[in-house]
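Here the structure is laid out as structure tokens; the discussion comes afterwards.
The values are calculated or read from the model by the stated rules, or taken from the named source; none is laboratory data. Note that the structure is a prediction, hence the values are computed from the model and not measured. Cβ placement follows ideal geometry from the backbone for every residue including glycine, while neighbour counts extend to all protein chains displayed.
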Amino acid sequence: MRPEAKNAEDSEYLHGTTAEEQARLSKLNEILNEASLRELRLGGGERILDVGCGLAQLTRRMARTAGAAGRVIGIERSAAQIAEAQRQATAAGEENLVELRQGDVLAMPLRDDEWGTFDVAHARFLLEHVPDPLSVVRALVRAVRVGGRLVLEDDDHEVIRLWPEVPGFKELWNAYMCVFERLGCDPIIGRRLVELLHQAGAAPARNTWIFFGSCAGSADFEVYVENLIGVLEGAKQKMLEFGLFDARTFEEAVAALRAWKHRPDVAIWFAMAWAEGVRPVSFNSVTG
């Protein structure tokens, strides 16, 4: 039983915004953005709203694809993430490519004349971290025009498989998922994306998986393993605080994972859930 939902503005991002976490997110973007952009199927000229945009690396990729005729706005709650996003954009010579606005997903900083005008509203790795994902999706539906697209990308953490199995990993991963539940969030939100689109008043149109795994022998395998370790270490304090794991057992499991990555026969099997819907003519922006 998940705890009663809190307001989104009271929710807590599990992994924090330290420099180490921002570095992990940057690497995560590097290995995922191409696939996300492919599935977005942008044709150019779109008005795009990217909610929970984080470091805005994918947001900038969207803007490059949308081109000069398009417009991209990124919404991010964390001032620290926005500052790093702006630093990265400036370093890439793209400081004017997207408009970044600080704000909460349920009180998005959009003008009255901007609601209902976007061609695409997108959220990735956001819904798993908010206690009321349905309200977030309803806001996204309100943001797009009639016929506009809603794109949701998120995790179902039960999908992960490491083979051969790593000693202690299964127990550690279960504890990690329990942290989400203790925070009032949903570690298996990915399987619910189509349901959420429907409940929010959108018309579901498509779903798929984005493979997020690798194996020994692949050039990017170590990046995947280190990302996995970074995710776990980001949640370590909460695991200990909630009494889900003890520090010694945690370190032993992480050490086993680091040793495992050097084997010649290992693989990570994981996938990110993807769902797309459209805003119908009949959508009621009040009751949504």
#### Entry: Condition met for Asn174 (free of Cβ contacts under 8 Å to residues at least 40 places away in the same chain and at negative phi)
yes
### Summary
(1) crowded, with 20+ Cβ neighbours inside 10 Å; (2) at pLDDT below 95 all hold for Asn96 apart from (1)
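Yes/no matrix, rows are residues, columns are (1) farther than 24 Å from Glu30 by Cβ; (2) touching a Ser or Thr at 6+ places or on another chain (Cβ under 7 Å); (3) touching a residue at least 60 places away in the same chain (Cβ under 8 Å); (4) acidic (Asp, Glu):
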| site | (1), (2), (3), (4) |
| --- | --- |
| Ala205 | yes, no, yes, no |
| Gly230 | no, no, yes, no |
| Leu244 | yes, no, yes, no |
| Glu251 | yes, no, no, yes |
| Asp265 | yes, no, yes, yes |
| Trp269 | no, no, yes, no |
### Task
Could you tell me whether segment 259-272 includes any residue that is assigned to a helix (DSSP H, G or I), within 25 Å of the chain's Cα centre (by Cα) and closer than 20 Å to Glu165 by Cβ?
no
## Note on the structure
Conditions (1) in contact with an Asp or Glu (Cβ under 7 Å, 6 or more places away or on another chain); (2) surrounded by fewer than 21 Cβ atoms within 10 Å (Cβ to Cβ); (3) modelled with pLDDT of 95 or more -> Val278 fails only (1)
### Query
How do the pairs read when you match residues in segment 70-96 that are more than 26 Å from Gly43 (Cβ to Cβ) with residues anywhere that are in a loop (DSSP other than H, G, I, E, B) and of a type in the set (Gly, Ala, Ser), using Cβ under 7 Å and keeping only pairs 6 or more apart or on different chains?
Arg77/Gly103; Gln81/Gly54
### Single match in Glu153, Glu94, Glu76, Glu114 (criterion: touching a Lys or Arg at 6+ places or on another chain (Cβ under 6 Å) and within 15 Å of Leu49 (Cβ to Cβ))
Glu153
### Query
Do we have any residue at all in segment 135-145 that's part of a strand (DSSP E or B) and of a type outside the set (Phe, Trp, Tyr)?
yes
#### Entry: segment 172-184: number of residues that are assigned to a helix (DSSP H, G or I) and either touching a Pro at 6+ places or on another chain (Cβ under 6 Å) or under 17 Å from Val225 (Cα atoms) (or both)
5
### Task
Go through Arg206, Arg248, Arg192 for me and flag whichever is part of a helix (DSSP H, G or I) and under 30 Å from Leu106 (Cα atoms).
Arg192
### Message
Being of a type outside the set (Phe, Trp, Tyr), crowded, with 20+ Cβ neighbours inside 10 Å and farther than 21 Å from Asn33 by Cα narrows it down to one residue among Val151, Val146, Val120, Val105; which is it?
### Response
Val105
### Message
Could you check segment 159-211 and list, in sequence order, the residues that are of a type in the set (D, E, K, R), surrounded by fewer than 19 Cβ atoms within 10 Å (Cβ to Cβ) and either more than 22 Å from Lys236 (Cβ to Cβ) or within 16 Å of the chain's Cα centre (by Cα) (or both)?
### Response
Arg161, Arg191, Glu195, Arg206
